[in-house]
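S.K.: My questions all concern the structure below.
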Amino acid sequence: MSKDRGAKVSPQEDVISIIGPGMKVLGDCEVEGTIRIEGSVQGNVRAGKAVVVGKDGLVEGDISTQDAVIAGRTKGTLRAESRLEVQATSRIEGEVIATRIQLDEGALLNGTVQMGKAAERSSDRSAKTGPD
């Protein structure tokens with residue numbers, strides 16, 4: 001006799017979406033949980049929980065999330081409302097807005113950086129005005 005155990009459905013915030021090595025996405029990506037990018041994205045990326053750009057990953061567009069871990073390359077505005085970790089292999093070009101930043105030796109960051117209270121004010125203004 002078998003039991004009907006039913007499939008457990010996990011909340012969307014717990015789901016990790018993956019753009020694998022060699023995969024190329026043309027367009028915007030939006031997820032409620034976490035997205036891991038090992039391939040390339042030409043478009044904006046928004047994740048409710050976290051964005052992870054792997055060592056060979058590339059994002060050409062804006063990134064908006066709670067937490068971000070960058071080991072690859074990004075070109076555009078990078079907004080992490082809580083925490084940004086910039087690993088030694090990363091190459092970031094553009095504006096960076098984060099409440100807290102961990103920057104490893106060897107990372108390359110070319111652009112402007114707003115952090116702490118200035119980043120919070122910038123996030124508040126964006127939320128009130130909304131996208132253009």
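S.K.: Which one of these does Ala107 not meet: (1) surrounded by fewer than 17 Cβ atoms within 10 Å (Cβ to Cβ); (2) at pLDDT 95 or above; (3) over 20 Å from Thr34 (Cβ atoms)?
M.R.: All conditions are met except number (1).
Here is a yes/no grid of residues against (1) aromatic (Phe, Trp, Tyr); (2) surrounded by 14 or more Cβ atoms within 10 Å (Cβ to Cβ); (3) over 9 Å from the mean Cα position of the chain (by Cα):
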residue: Ile16; (1), (2), (3): no, no, yes
residue: Ile19; (1), (2), (3): no, yes, yes
residue: Ile35; (1), (2), (3): no, yes, no
residue: Gly54; (1), (2), (3): no, yes, yes
residue: Gly76; (1), (2), (3): no, yes, yes
residue: Glu81; (1), (2), (3): no, yes, yes
residue: Ala88; (1), (2), (3): no, no, yes
residue: Arg91; (1), (2), (3): no, yes, yes
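S.K.: Sticking with this one: Please determine whether any residue of the stretch 116-127 is touching a Ser or Thr at 6+ places or on another chain (Cβ under 8 Å) and at pLDDT below 70. Spell out how you get there, then give the answer.
M.R.: Keep residues of the stretch 116-127 that are touching a Ser or Thr at 6+ places or on another chain (Cβ under 8 Å), which gives 116, 119-120.
Right, trim to at pLDDT below 70 and you get 119-120.
Yes, there is a match, as at least one residue in the stretch 116-127 is touching a Ser or Thr at 6+ places or on another chain (Cβ under 8 Å) and at pLDDT below 70.
S.K.: Tell me, which strands (runs of 3 or more DSSP E) lie completely within the stretch 43-88 with 2 or more residues that are modelled with pLDDT of 95 or more and of a type outside the set (Lys, Arg)? If you could, list the steps in order and put the result at the bottom.
M.R.: Values: elements: 45-47, 50-53, 58-60, 63-70, 73-75, 78-86.
In the stretch 43-88, 45-47, 50-53, 58-60, 63-70, 78-86 are the strands (runs of 3 or more DSSP E) which contain 2 or more residues that are modelled with pLDDT of 95 or more and of a type outside the set (Lys, Arg).
S.K.: Let me confirm something: among Val59, Val69, which residue is over 20 Å from Asp14 (Cα atoms) and free of Cβ contacts under 8 Å to residues at least 24 places away in the same chain?
M.R.: Details: Val69 fails: over 20 Å from Asp14 (Cα atoms).
Only one candidate passes the filter, namely Val59.
S.K.: Could you grab the pairs with beta carbons closer than 7 Å, sequence gap of 6+ or different chains, first residue in the stretch 18-33 and within 14 Å of Ala47 (Cβ to Cβ), second one of a type in the set (A, V, I, L, M) and outside any strand (DSSP E or B)?
M.R.: Listed pairs, sorted by first residue: Gly33/Val15.
The values are calculated or read from the model by the stated rules, or taken from the named source; none is laboratory data. Computed from a predicted model, the values in this text were never measured in an experiment. All Cβ positions, glycine included, derive from the backbone under ideal geometry; neighbour counts span all protein chains shown.
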